[in-house]
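The values are calculated or read from the model by the stated rules, or taken from the named source; none is laboratory data. Note that the structure is a prediction, hence the values are computed from the model and not measured. Here the Cβ positions follow ideal geometry from the backbone for every residue, glycine too, while neighbour counts run over all protein chains shown.
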Amino acid sequence: MATKYIFITGGVVSSLGKGLAAASIGRLMEARGFSVTLQKFDPYLNVDPGTMSPFQHGEVFVTEDGVESDLDLGHYERFTSTVTSREHNFTSGKIYEQVIAKERRGDYLGGTVQVIPHVTDEIKECIRRISKGVDIQIVEIGGTIGDIESLPFLEAIRQFRLEVGRSNAVFVHLTLVPYIGAAGELKTKPTQHSVRDLRAIGIQPDVLLCRTDRLLAKEIKKKIALFCNVPEEAVMTAMDVESIYEVPLVLAREGLDAILLKLLDLPYRDKNMDEWVEMVQRAKSPADGEVVVGIVGKYVAYEDSYKSLNEALTHGGIANNVRVRLHWVEADNLMDGSLPEKVAPCHGLLVPGGFGIRGVDGMIEAIRFARERRIPFFGICLGLQCAVIEFARNVGGLKDADSAEFNPDTPHPVIYKLRELEGVEQMGGNMRLGKWPCVIKSNSAAQKAYGRTEISERHRHRYEVQRKYMEDLEKRGLRVTGETPDHRFVEILEIPDHPYFLACQFHPEFKSKPIQPHPLFRSFIDACKRHRTTAR
(Lines give C-alpha, C1' and ligand atoms only; values in the text may rest on other atoms or scores of the structure.)
Protein backbone atom coordinates (compact mmCIF):
# COMPACT_ATOMS: atom_id res chain seq x y z
CA MET A 1 0.00 0.00 0.00
CA ALA A 2 1.28 3.45 -0.92
CA THR A 3 1.87 5.79 2.01
CA LYS A 4 -1.04 8.09 2.78
CA TYR A 5 -0.42 11.66 3.98
CA ILE A 6 -2.29 13.87 6.46
CA PHE A 7 -1.21 17.52 6.46
CA ILE A 8 -2.16 19.61 9.48
CA THR A 9 -2.28 23.41 9.42
CA GLY A 10 -3.49 25.98 11.93
CA GLY A 11 -5.29 29.28 11.69
CA VAL A 12 -6.58 32.36 13.56
CA VAL A 13 -4.08 32.23 16.46
CA SER A 14 -1.01 30.23 17.47
CA SER A 15 -0.92 27.67 20.28
CA LEU A 16 -4.20 26.02 19.35
CA GLY A 17 -2.64 22.58 19.67
CA LYS A 18 -1.66 21.43 16.19
CA GLY A 19 0.95 19.13 17.70
CA LEU A 20 -1.60 17.51 19.98
CA ALA A 21 -4.04 17.21 17.08
CA ALA A 22 -1.36 15.49 14.98
CA ALA A 23 -0.38 13.17 17.85
CA SER A 24 -4.03 12.35 18.55
CA ILE A 25 -4.69 11.46 14.92
CA GLY A 26 -1.62 9.25 15.05
CA ARG A 27 -2.98 7.53 18.17
CA LEU A 28 -6.33 6.89 16.45
CA MET A 29 -4.74 5.53 13.29
CA GLU A 30 -2.49 3.18 15.29
CA ALA A 31 -5.56 2.03 17.22
CA ARG A 32 -6.99 0.89 13.88
CA GLY A 33 -3.88 -1.13 13.09
CA PHE A 34 -2.04 1.24 10.73
CA SER A 35 1.65 2.06 11.05
CA VAL A 36 2.22 5.79 11.55
CA THR A 37 5.03 8.33 11.54
CA LEU A 38 4.85 12.05 12.27
CA GLN A 39 6.86 15.05 11.11
CA LYS A 40 7.02 18.76 11.96
CA PHE A 41 8.04 21.72 9.80
CA ASP A 42 8.76 24.97 11.65
CA PRO A 43 8.83 28.31 9.76
CA TYR A 44 11.45 30.10 11.87
CA LEU A 45 14.95 30.68 10.48
CA ASN A 46 16.89 29.05 13.32
CA VAL A 47 18.52 25.84 12.10
CA ASP A 48 17.09 24.12 15.18
CA PRO A 49 15.65 25.30 18.53
CA GLY A 50 18.80 24.33 20.46
CA THR A 51 19.98 27.91 21.01
CA MET A 52 16.53 29.45 21.54
CA SER A 53 15.40 30.76 24.92
CA PRO A 54 13.07 28.39 26.80
CA PHE A 55 10.93 31.44 27.60
CA GLN A 56 10.29 31.97 23.87
CA HIS A 57 10.21 28.49 22.42
CA GLY A 58 9.59 26.23 25.39
CA GLU A 59 11.31 22.90 25.79
CA VAL A 60 13.94 21.56 23.42
CA PHE A 61 13.09 17.91 22.80
CA VAL A 62 16.04 15.60 22.09
CA THR A 63 15.69 12.66 19.69
CA GLU A 64 17.42 9.28 19.92
CA ASP A 65 20.03 10.36 17.35
CA GLY A 66 20.84 13.55 19.26
CA VAL A 67 18.92 16.24 17.40
CA GLU A 68 17.59 19.25 19.32
CA SER A 69 14.03 19.57 18.08
CA ASP A 70 10.59 21.06 18.61
CA LEU A 71 8.62 20.04 21.70
CA ASP A 72 5.79 18.70 19.51
CA LEU A 73 7.99 15.71 18.72
CA GLY A 74 7.57 14.85 22.39
CA HIS A 75 3.81 14.68 21.86
CA TYR A 76 4.33 12.44 18.83
CA GLU A 77 6.41 9.97 20.84
CA ARG A 78 4.15 10.04 23.91
CA PHE A 79 0.95 9.39 21.92
CA THR A 80 2.26 6.90 19.34
CA SER A 81 4.97 4.30 18.79
CA THR A 82 6.93 6.72 16.59
CA VAL A 83 10.61 7.15 17.49
CA THR A 84 11.69 10.48 16.05
CA SER A 85 15.02 11.39 14.48
CA ARG A 86 16.75 14.24 12.62
CA GLU A 87 14.41 13.54 9.68
CA HIS A 88 11.28 14.32 11.69
CA ASN A 89 11.78 18.06 12.30
CA PHE A 90 12.86 20.69 9.81
CA THR A 91 12.96 24.48 10.13
CA SER A 92 13.13 27.13 7.43
CA GLY A 93 16.73 27.64 8.49
CA LYS A 94 17.56 23.97 7.96
CA ILE A 95 15.79 23.86 4.59
CA TYR A 96 17.58 26.98 3.34
CA GLU A 97 20.89 25.65 4.69
CA GLN A 98 20.43 22.48 2.61
CA VAL A 99 19.43 24.44 -0.51
CA ILE A 100 22.42 26.78 -0.20
CA ALA A 101 24.78 23.84 0.34
CA LYS A 102 23.50 22.30 -2.90
CA GLU A 103 23.93 25.61 -4.72
CA ARG A 104 27.54 25.91 -3.49
CA ARG A 105 28.28 22.38 -4.71
CA GLY A 106 26.86 23.25 -8.11
CA ASP A 107 23.97 20.81 -7.86
CA TYR A 108 21.64 23.23 -9.65
CA LEU A 109 23.95 23.42 -12.70
CA GLY A 110 24.28 27.19 -12.61
CA GLY A 111 20.54 27.83 -12.53
CA THR A 112 18.87 30.66 -10.64
CA VAL A 113 17.91 29.26 -7.24
CA GLN A 114 14.37 30.26 -6.26
CA VAL A 115 11.75 29.49 -3.63
CA ILE A 116 9.76 27.71 -6.34
CA PRO A 117 10.88 25.14 -7.35
CA HIS A 118 14.09 24.70 -5.36
CA VAL A 119 12.96 25.40 -1.79
CA THR A 120 9.59 23.69 -2.26
CA ASP A 121 11.29 20.69 -3.88
CA GLU A 122 13.61 20.42 -0.88
CA ILE A 123 10.62 20.44 1.47
CA LYS A 124 8.91 17.71 -0.54
CA GLU A 125 12.07 15.64 -0.53
CA CYS A 126 12.23 15.94 3.28
CA ILE A 127 8.66 14.67 3.50
CA ARG A 128 9.44 11.64 1.33
CA ARG A 129 12.55 10.68 3.32
CA ILE A 130 10.55 9.06 6.12
CA SER A 131 7.66 7.68 4.05
CA LYS A 132 9.11 4.25 3.33
CA GLY A 133 7.49 1.40 5.19
CA VAL A 134 4.68 3.33 6.90
CA ASP A 135 0.97 3.34 6.11
CA ILE A 136 0.27 6.92 7.19
CA GLN A 137 2.54 9.95 7.51
CA ILE A 138 1.21 12.92 9.46
CA VAL A 139 2.90 16.24 8.67
CA GLU A 140 2.37 19.29 10.88
CA ILE A 141 3.07 22.72 9.43
CA GLY A 142 4.05 25.13 12.20
CA GLY A 143 2.93 28.73 12.42
CA THR A 144 -0.41 30.28 11.55
CA ILE A 145 -2.06 30.72 8.18
CA GLY A 146 -1.22 34.25 7.03
CA ASP A 147 2.36 34.20 8.30
CA ILE A 148 4.88 35.04 5.59
CA GLU A 149 7.38 32.51 6.93
CA SER A 150 5.16 29.48 6.38
CA LEU A 151 4.24 30.18 2.74
CA PRO A 152 6.96 27.94 1.18
CA PHE A 153 5.77 25.00 3.28
CA LEU A 154 2.14 25.55 2.34
CA GLU A 155 3.05 25.79 -1.33
CA ALA A 156 5.08 22.59 -1.01
CA ILE A 157 2.19 20.59 0.47
CA ARG A 158 -0.17 22.00 -2.16
CA GLN A 159 2.16 20.66 -4.84
CA PHE A 160 2.66 17.41 -2.94
CA ARG A 161 -1.03 16.56 -2.92
CA LEU A 162 -1.24 17.29 -6.62
CA GLU A 163 1.59 14.84 -7.20
CA VAL A 164 0.32 11.96 -5.04
CA GLY A 165 -3.40 12.37 -5.78
CA ARG A 166 -6.43 13.39 -3.75
CA SER A 167 -7.05 9.92 -2.31
CA ASN A 168 -3.50 9.77 -0.96
CA ALA A 169 -3.35 13.09 0.91
CA VAL A 170 -5.78 15.14 3.00
CA PHE A 171 -5.64 18.59 4.56
CA VAL A 172 -6.78 19.00 8.16
CA HIS A 173 -7.10 22.59 9.37
CA LEU A 174 -7.21 23.45 13.08
CA THR A 175 -9.00 26.70 13.77
CA LEU A 176 -10.65 28.68 16.56
CA VAL A 177 -14.34 29.24 17.20
CA PRO A 178 -14.37 31.71 20.12
CA TYR A 179 -17.26 32.28 22.48
CA ILE A 180 -18.01 35.98 23.01
CA GLY A 181 -19.42 36.26 26.49
CA ALA A 182 -20.94 39.72 26.06
CA ALA A 183 -22.91 38.52 23.05
CA GLY A 184 -23.53 35.02 24.37
CA GLU A 185 -22.53 33.57 21.00
CA LEU A 186 -19.95 31.42 19.30
CA LYS A 187 -18.40 33.30 16.40
CA THR A 188 -17.47 31.52 13.16
CA LYS A 189 -16.02 34.50 11.28
CA PRO A 190 -12.38 33.87 12.34
CA THR A 191 -12.65 30.33 10.98
CA GLN A 192 -14.21 31.56 7.74
CA HIS A 193 -11.37 34.05 7.23
CA SER A 194 -8.69 31.50 8.05
CA VAL A 195 -10.08 29.03 5.50
CA ARG A 196 -10.44 31.84 2.96
CA ASP A 197 -6.72 32.62 3.35
CA LEU A 198 -5.88 28.94 2.97
CA ARG A 199 -7.99 28.60 -0.18
CA ALA A 200 -6.38 31.75 -1.61
CA ILE A 201 -3.06 29.89 -1.81
CA GLY A 202 -4.62 26.82 -3.38
CA ILE A 203 -5.39 24.60 -0.38
CA GLN A 204 -8.97 23.51 0.28
CA PRO A 205 -9.17 21.85 3.70
CA ASP A 206 -10.91 18.48 3.82
CA VAL A 207 -11.51 18.49 7.59
CA LEU A 208 -11.91 21.35 10.05
CA LEU A 209 -11.04 20.86 13.71
CA CYS A 210 -12.74 23.73 15.53
CA ARG A 211 -11.09 24.53 18.86
CA THR A 212 -13.73 25.73 21.30
CA ASP A 213 -14.73 25.54 24.95
CA ARG A 214 -18.14 23.97 24.23
CA LEU A 215 -19.81 21.60 21.82
CA LEU A 216 -20.68 23.07 18.46
CA ALA A 217 -24.39 22.91 17.73
CA LYS A 218 -25.53 21.40 14.44
CA GLU A 219 -26.49 24.88 13.19
CA ILE A 220 -22.98 26.21 13.84
CA LYS A 221 -21.37 23.27 12.05
CA LYS A 222 -23.76 23.72 9.12
CA LYS A 223 -22.85 27.41 8.84
CA ILE A 224 -19.08 26.70 8.95
CA ALA A 225 -19.49 23.96 6.35
CA LEU A 226 -21.39 26.26 4.00
CA PHE A 227 -18.96 29.17 4.16
CA CYS A 228 -15.80 27.03 4.17
CA ASN A 229 -16.83 24.60 1.41
CA VAL A 230 -16.40 21.56 3.67
CA PRO A 231 -18.93 18.72 4.18
CA GLU A 232 -20.86 19.15 7.42
CA GLU A 233 -19.66 15.80 8.80
CA ALA A 234 -16.07 17.04 8.35
CA VAL A 235 -16.59 20.02 10.69
CA MET A 236 -15.58 18.74 14.11
CA THR A 237 -15.60 20.05 17.64
CA ALA A 238 -12.12 20.06 19.14
CA MET A 239 -13.29 20.90 22.64
CA ASP A 240 -11.11 21.93 25.58
CA VAL A 241 -10.42 18.99 27.89
CA GLU A 242 -9.09 18.44 31.39
CA SER A 243 -6.24 16.18 30.25
CA ILE A 244 -4.42 16.30 26.93
CA TYR A 245 -4.76 12.52 26.77
CA GLU A 246 -8.51 12.95 26.31
CA VAL A 247 -8.01 14.64 22.93
CA PRO A 248 -7.92 11.39 20.89
CA LEU A 249 -11.14 10.28 22.60
CA VAL A 250 -12.87 13.59 21.88
CA LEU A 251 -11.85 13.46 18.21
CA ALA A 252 -12.91 9.81 17.98
CA ARG A 253 -16.39 10.71 19.27
CA GLU A 254 -16.59 13.32 16.53
CA GLY A 255 -15.81 10.61 13.97
CA LEU A 256 -12.48 12.02 12.81
CA ASP A 257 -10.72 8.69 12.29
CA ALA A 258 -13.66 7.28 10.32
CA ILE A 259 -13.79 10.22 7.91
CA LEU A 260 -10.01 10.11 7.42
CA LEU A 261 -10.25 6.44 6.44
CA LYS A 262 -12.90 7.38 3.91
CA LEU A 263 -10.99 10.34 2.46
CA LEU A 264 -7.77 8.32 2.17
CA ASP A 265 -9.49 5.26 0.73
CA LEU A 266 -8.14 3.09 3.54
CA PRO A 267 -9.68 -0.25 4.55
CA TYR A 268 -11.97 -0.20 7.58
CA ARG A 269 -10.45 -1.81 10.66
CA ASP A 270 -11.88 -2.09 14.15
CA LYS A 271 -10.49 0.40 16.63
CA ASN A 272 -9.00 -0.68 19.95
CA MET A 273 -8.59 2.21 22.39
CA ASP A 274 -9.28 0.19 25.56
CA GLU A 275 -5.81 0.64 27.07
CA TRP A 276 -5.88 4.38 26.34
CA VAL A 277 -9.38 4.81 27.81
CA GLU A 278 -8.36 2.98 30.98
CA MET A 279 -5.25 5.18 31.29
CA VAL A 280 -7.30 8.38 30.93
CA GLN A 281 -9.73 7.19 33.60
CA ARG A 282 -6.86 6.56 36.03
CA ALA A 283 -5.33 9.95 35.20
CA LYS A 284 -8.60 11.80 35.86
CA SER A 285 -9.79 9.79 38.88
CA PRO A 286 -6.77 8.40 40.76
CA ALA A 287 -7.59 6.03 43.59
CA ASP A 288 -4.90 7.17 46.04
CA GLY A 289 -5.30 10.92 46.17
CA GLU A 290 -2.59 13.47 45.43
CA VAL A 291 1.11 14.06 45.88
CA VAL A 292 2.82 17.43 45.54
CA VAL A 293 6.15 17.65 43.73
CA GLY A 294 8.21 20.81 44.07
CA ILE A 295 10.09 21.70 40.89
CA VAL A 296 12.98 24.00 41.76
CA GLY A 297 14.00 25.41 38.39
CA LYS A 298 15.26 28.32 36.33
CA TYR A 299 12.42 28.57 33.81
CA VAL A 300 9.35 28.00 35.98
CA ALA A 301 7.67 31.20 34.72
CA TYR A 302 6.90 29.35 31.46
CA GLU A 303 5.69 25.80 32.04
CA ASP A 304 6.29 24.70 28.43
CA SER A 305 10.00 24.99 29.23
CA TYR A 306 9.57 21.69 31.08
CA LYS A 307 6.84 20.11 28.93
CA SER A 308 8.20 16.55 28.80
CA LEU A 309 9.10 16.73 32.48
CA ASN A 310 5.58 17.78 33.44
CA GLU A 311 4.10 14.94 31.41
CA ALA A 312 6.55 12.37 32.76
CA LEU A 313 5.56 13.30 36.33
CA THR A 314 1.92 12.85 35.33
CA HIS A 315 2.82 9.42 33.95
CA GLY A 316 4.51 8.54 37.23
CA GLY A 317 1.29 9.51 38.97
CA ILE A 318 -0.78 7.32 36.66
CA ALA A 319 1.48 4.36 37.45
CA ASN A 320 1.00 4.96 41.20
CA ASN A 321 -2.72 5.81 41.08
CA VAL A 322 -2.16 9.35 42.37
CA ARG A 323 -2.63 12.80 40.92
CA VAL A 324 0.63 14.74 40.77
CA ARG A 325 0.29 18.42 41.58
CA LEU A 326 3.25 20.51 40.45
CA HIS A 327 4.48 23.17 42.87
CA TRP A 328 6.71 25.59 40.98
CA VAL A 329 9.60 27.12 42.93
CA GLU A 330 11.73 29.83 41.32
CA ALA A 331 15.34 28.91 42.12
CA ASP A 332 16.38 32.57 41.99
CA ASN A 333 14.37 33.38 45.11
CA LEU A 334 15.54 30.82 47.66
CA MET A 335 18.57 32.44 49.29
CA ASP A 336 16.58 34.71 51.61
CA GLY A 337 15.68 31.99 54.13
CA SER A 338 12.26 31.32 52.62
CA LEU A 339 13.06 27.83 51.31
CA PRO A 340 11.39 25.82 54.13
CA GLU A 341 8.17 27.80 53.74
CA LYS A 342 8.16 27.61 49.95
CA VAL A 343 8.62 23.84 49.80
CA ALA A 344 6.50 23.03 52.86
CA PRO A 345 3.59 21.53 50.83
CA CYS A 346 5.89 19.22 48.86
CA HIS A 347 6.21 15.46 49.23
CA GLY A 348 9.29 15.44 47.00
CA LEU A 349 11.68 17.87 45.31
CA LEU A 350 12.96 17.76 41.73
CA VAL A 351 15.73 19.89 40.25
CA PRO A 352 15.58 19.79 36.42
CA GLY A 353 18.04 20.69 33.69
CA GLY A 354 19.17 24.12 32.61
CA PHE A 355 22.14 26.20 31.50
CA GLY A 356 24.03 29.05 33.15
CA ILE A 357 24.65 30.21 36.70
CA ARG A 358 21.32 31.95 37.37
CA GLY A 359 19.40 30.18 40.13
CA VAL A 360 22.11 27.60 40.85
CA ASP A 361 22.62 28.68 44.47
CA GLY A 362 18.91 28.18 45.10
CA MET A 363 19.00 24.73 43.51
CA ILE A 364 21.97 23.71 45.66
CA GLU A 365 20.19 24.97 48.78
CA ALA A 366 17.04 23.00 47.86
CA ILE A 367 19.12 19.83 47.41
CA ARG A 368 20.78 20.34 50.80
CA PHE A 369 17.33 20.75 52.35
CA ALA A 370 16.04 17.53 50.73
CA ARG A 371 19.15 15.59 51.75
CA GLU A 372 19.15 16.73 55.36
CA ARG A 373 15.37 16.54 55.87
CA ARG A 374 15.20 13.15 54.12
CA ILE A 375 12.69 14.35 51.54
CA PRO A 376 12.59 12.37 48.27
CA PHE A 377 14.86 14.06 45.73
CA PHE A 378 15.23 13.58 41.98
CA GLY A 379 17.88 15.50 40.03
CA ILE A 380 18.06 15.63 36.25
CA CYS A 381 21.09 16.84 34.25
CA LEU A 382 21.94 20.16 35.97
CA GLY A 383 20.14 18.70 38.99
CA LEU A 384 22.77 15.95 39.20
CA GLN A 385 25.61 18.44 38.85
CA CYS A 386 24.18 20.64 41.60
CA ALA A 387 23.80 17.55 43.81
CA VAL A 388 27.52 16.77 43.39
CA ILE A 389 28.46 20.38 44.24
CA GLU A 390 26.19 20.39 47.30
CA PHE A 391 27.54 17.09 48.61
CA ALA A 392 31.18 18.03 47.96
CA ARG A 393 30.75 21.33 49.84
CA ASN A 394 28.64 20.20 52.79
CA VAL A 395 29.71 16.58 53.28
CA GLY A 396 33.01 16.24 51.43
CA GLY A 397 34.60 19.28 53.06
CA LEU A 398 35.40 21.00 49.74
CA LYS A 399 33.94 24.41 50.57
CA ASP A 400 34.97 25.92 47.23
CA ALA A 401 33.71 23.00 45.11
CA ASP A 402 31.92 24.24 42.01
CA SER A 403 31.32 23.68 38.33
CA ALA A 404 33.74 25.06 35.77
CA GLU A 405 30.64 26.39 34.04
CA PHE A 406 29.86 28.70 36.96
CA ASN A 407 33.36 29.39 38.26
CA PRO A 408 36.24 28.62 35.85
CA ASP A 409 38.76 29.44 38.61
CA THR A 410 37.40 27.10 41.28
CA PRO A 411 40.15 25.05 43.00
CA HIS A 412 37.78 22.06 43.06
CA PRO A 413 36.01 21.71 39.67
CA VAL A 414 33.86 18.71 40.59
CA ILE A 415 32.00 19.43 37.34
CA TYR A 416 34.16 20.04 34.25
CA LYS A 417 33.72 20.77 30.56
CA LEU A 418 34.37 17.98 28.07
CA ARG A 419 37.91 18.37 26.76
CA GLU A 420 36.77 18.08 23.17
CA LEU A 421 34.57 21.14 23.74
CA GLU A 422 37.23 23.33 25.29
CA GLY A 423 37.76 26.40 23.13
CA VAL A 424 34.56 25.74 21.18
CA GLU A 425 32.46 28.89 21.35
CA GLN A 426 29.70 27.88 18.90
CA MET A 427 26.52 27.27 20.88
CA GLY A 428 24.48 25.00 18.62
CA GLY A 429 24.78 21.21 18.66
CA ASN A 430 28.11 20.96 20.51
CA MET A 431 27.06 18.84 23.49
CA ARG A 432 26.79 15.21 24.47
CA LEU A 433 23.49 14.66 22.72
CA GLY A 434 21.11 11.81 22.13
CA LYS A 435 21.20 8.16 23.14
CA TRP A 436 24.11 6.87 25.26
CA PRO A 437 24.42 3.48 26.98
CA CYS A 438 24.56 3.14 30.75
CA VAL A 439 25.46 0.22 33.01
CA ILE A 440 23.63 0.20 36.36
CA LYS A 441 24.98 -1.37 39.53
CA SER A 442 22.98 -4.20 41.07
CA ASN A 443 20.86 -3.59 44.16
CA SER A 444 20.72 0.15 43.54
CA ALA A 445 17.50 2.16 43.48
CA ALA A 446 18.01 2.67 39.75
CA GLN A 447 18.41 -1.07 39.09
CA LYS A 448 15.28 -1.82 41.12
CA ALA A 449 13.36 0.81 39.14
CA TYR A 450 14.51 -0.36 35.70
CA GLY A 451 14.56 -4.06 36.53
CA ARG A 452 17.79 -4.48 34.56
CA THR A 453 21.40 -3.32 34.54
CA GLU A 454 21.86 -2.13 30.95
CA ILE A 455 19.90 0.84 29.60
CA SER A 456 20.23 3.73 27.17
CA GLU A 457 18.96 7.28 27.71
CA ARG A 458 19.05 10.65 25.96
CA HIS A 459 21.46 13.45 26.92
CA ARG A 460 21.84 17.19 26.40
CA HIS A 461 24.74 18.78 28.28
CA ARG A 462 28.30 20.11 27.97
CA TYR A 463 29.64 19.41 31.46
CA GLU A 464 30.41 16.16 33.29
CA VAL A 465 31.20 14.91 36.80
CA GLN A 466 34.95 14.93 37.48
CA ARG A 467 35.67 11.28 38.28
CA LYS A 468 38.80 11.98 40.36
CA TYR A 469 36.63 13.49 43.12
CA MET A 470 34.15 10.61 43.26
CA GLU A 471 36.31 8.11 45.19
CA ASP A 472 36.32 10.32 48.26
CA LEU A 473 32.67 11.36 47.86
CA GLU A 474 31.62 7.71 47.54
CA LYS A 475 33.34 6.94 50.84
CA ARG A 476 31.19 9.67 52.38
CA GLY A 477 27.93 8.26 50.99
CA LEU A 478 27.35 9.56 47.45
CA ARG A 479 27.38 6.42 45.32
CA VAL A 480 27.89 6.14 41.56
CA THR A 481 25.24 3.61 40.52
CA GLY A 482 25.25 4.21 36.76
CA GLU A 483 28.04 4.94 34.29
CA THR A 484 28.92 4.53 30.64
CA PRO A 485 30.36 1.08 29.76
CA ASP A 486 33.86 2.57 29.44
CA HIS A 487 33.57 4.04 32.98
CA ARG A 488 34.31 7.50 31.58
CA PHE A 489 31.06 9.30 32.40
CA VAL A 490 28.93 9.27 35.55
CA GLU A 491 25.29 8.68 34.64
CA ILE A 492 23.46 8.05 37.94
CA LEU A 493 24.20 9.00 41.54
CA GLU A 494 22.42 7.89 44.71
CA ILE A 495 22.62 8.23 48.47
CA PRO A 496 21.69 4.72 49.69
CA ASP A 497 21.19 5.96 53.27
CA HIS A 498 18.25 8.14 52.26
CA PRO A 499 14.57 7.34 51.57
CA TYR A 500 15.05 8.40 47.93
CA PHE A 501 17.96 10.45 46.65
CA LEU A 502 18.69 9.82 42.97
CA ALA A 503 20.14 12.04 40.25
CA CYS A 504 20.85 11.26 36.61
CA GLN A 505 22.91 13.08 33.99
CA PHE A 506 20.49 12.12 31.21
CA HIS A 507 16.90 13.25 30.53
CA PRO A 508 14.55 10.34 31.30
CA GLU A 509 11.50 12.50 30.63
CA PHE A 510 12.08 12.25 26.89
CA LYS A 511 11.25 8.53 26.88
CA SER A 512 8.21 8.47 29.15
CA LYS A 513 4.73 7.66 27.80
CA PRO A 514 1.34 7.69 29.56
CA ILE A 515 0.88 3.95 28.97
CA GLN A 516 4.59 3.23 29.54
CA PRO A 517 5.69 5.52 32.39
CA HIS A 518 9.44 5.89 32.72
CA PRO A 519 10.85 3.72 35.55
CA LEU A 520 12.58 6.60 37.34
CA PHE A 521 9.46 8.76 37.42
CA ARG A 522 7.41 5.78 38.56
CA SER A 523 9.87 5.13 41.41
CA PHE A 524 10.19 8.82 42.35
CA ILE A 525 6.42 9.31 42.62
CA ASP A 526 6.20 6.09 44.62
CA ALA A 527 8.76 7.57 47.05
CA CYS A 528 6.75 10.80 47.24
CA LYS A 529 3.63 8.77 47.97
CA ARG A 530 5.40 6.93 50.80
CA HIS A 531 6.77 10.21 52.19
CA ARG A 532 3.25 11.68 52.15
CA THR A 533 2.13 8.82 54.36
CA THR A 534 5.01 9.07 56.87
CA ALA A 535 4.82 12.88 57.01
CA ARG A 536 1.19 12.93 58.14
- Selected residue [of a type in the set (Ser, Thr, Tyr) and either in contact with a Phe, Trp or Tyr (Cβ under 9 Å, 6 or more places away or on another chain) or not assigned by TED's automatic domain parsing to the domain that holds ALA392 (or both)] from TYR463, TYR469: TYR463
- Is it true that some residue in the stretch 341-362 is closer than 24 Å to LEU473 by Cα, of a type in the set (D, E, K, R) and either assigned by TED's automatic domain parsing to the domain that holds ASP526 or in contact with a Ser or Thr (Cβ under 8 Å, 6 or more places away or on another chain) (or both)? yes
- Message: Test of understanding: among TYR179, TYR245, which residue is in the same structural domain as GLY11 (by TED's automatic domain parsing), aromatic (Phe, Trp, Tyr) and in contact with a Leu (Cβ under 7 Å, 6 or more places away or on another chain)?
- Response: TYR179
- Query: So, of the residues in the stretch 45-63 that are among the aliphatic types (A, V, I, L, M) and over 13 Å from the mean Cα position of the chain (by Cα), which turns out to be surrounded by the most Cβ atoms within 10 Å (Cβ to Cβ)?
  - Reply: VAL47
- Task: Output yes when any residue across the stretch 385-401 is in contact with a helix residue (DSSP H, G or I) (Cβ under 6 Å, 6 or more places away or on another chain), in a strand (DSSP E or B), assigned by TED's automatic domain parsing to the domain that holds LEU313 and farther than 18 Å from ALA445 by Cβ, and no when none is.
- Result: yes
- Message: Please verify whether SER15 is in a loop (DSSP other than H, G, I, E, B), free of Cβ contacts under 8 Å to residues at least 40 places away in the same chain and in the same structural domain as GLN192 (by TED's automatic domain parsing), treating the condition exactly as stated.
- Response: yes
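Count, please, the residues in the stretch 124-149 that happen to be assigned to a loop (DSSP other than H, G, I, E, B) and under 30 Å from ASP257 (Cα atoms). Steps first, answer last, please.
Narrowing the stretch 124-149 to residues assigned to a loop (DSSP other than H, G, I, E, B): 129-135, 142-149.
With the extra rule that they be under 30 Å from ASP257 (Cα atoms), the set shrinks to 129-135, 142-147.
So the count comes out to 13.
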- Task: Looking only at the stretch 498-536, count how many residues are hydroxyl-bearing (Ser, Thr, Tyr) and under 24 Å from the mean Cα position of the chain (by Cα).
- Result: 2
- Task: Find the residue count for the stretch 100-123, including only residues that are crowded, with 17+ Cβ neighbours inside 10 Å and either of a type in the set (D, E, K, R) or not in a helix (DSSP H, G or I) (or both).
- Result: 1
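How about the stretch 74-99: which of its residues are hydroxyl-bearing (Ser, Thr, Tyr) and either outside any loop (DSSP other than H, G, I, E, B) or touching a helix residue (DSSP H, G or I) at 6+ places or on another chain (Cβ under 7 Å) (or both)?
TYR76, THR80, SER81, THR82, THR84, THR91, SER92, TYR96
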- Task: Assess whether GLY33 counts as being under 24 Å from VAL207 (Cα atoms) and surrounded by fewer than 24 Cβ atoms within 10 Å (Cβ to Cβ).
- Result: yes
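State the number of residues belonging to the stretch 469-522 that are of a type in the set (D, E, K, R) and touching a residue at least 40 places away in the same chain (Cβ under 8 Å).
Here the count works out to 9.
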